[in-house]
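Notes to accompany the following structure.
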Amino acid sequence: QQQQQKEEKETQKQNQIQDEEENNQWKILSPYLEENYFEIQGLKAGKNYCFRVRSGWNSIFETIGSEIHVTPLETVSNLRVVELTSNSVNIEWNSVPGAMIYRVEKSMS
C-alpha cells in the first residue's frame, strides 16, 4: 500500500507538471532541484533561449492567483550564465533564504 501511495503521489506530481506546462508557455526542465545551479544541454548554436528559475518550498512554487498565508520567499536573483558552449549552457543564481528547492524552466516561445 505504501508503494501504491508513493506511485500515486509521483503521478500527481507529473500531472501537475504537465498541467503547468500546458497552461503556461514554459517547459519545466527540472521539477525539484536542491542546488542553485543547473546545466542545460542540447542547445542549438545561433538560436535564442530564455530561461527562468522559480524558488519553492516543499513542492510549492511561487504562484499567481493562489492564496496562502506564509512569509513569501524572495525571488531568485543574479541569474547568470557561467559557461556556454555550442550545445549547452550552465546557469547559476544566488541562493534564496528559506528555499529548499528550485525549478528551471525554458520558454516555449
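The values are calculated or read from the model by the stated rules, or taken from the named source; none is laboratory data. What you are looking at is a predicted structure, and each value in this text was computed from that prediction instead of being measured. Reconstructed Cβ throughout: ideal geometry from the backbone, glycine too, with neighbour counts over all protein chains shown. The protein model used for the area step is the full one, side chains on, heavy atoms only, and it has no ligands, DNA or RNA in it. Shrake-Rupley method; radii C 1.70, N 1.55, O 1.52, S 1.80 Å.
For this structure, a couple of remarks:
- Restricting attention to the stretch 69-109, the residues being in contact (Cβ under 8 Å) with a residue 60 or more places away in the chain, charged (D, E, K, R) and closer than 11 Å to residue 38 by Cα number 2.
- Hits in the stretch 82-98 - residues which are β-branched (Val, Ile, Thr) and open to solvent by 40 Å² or more (accessible area, probe 1.4 Å): 82, 85
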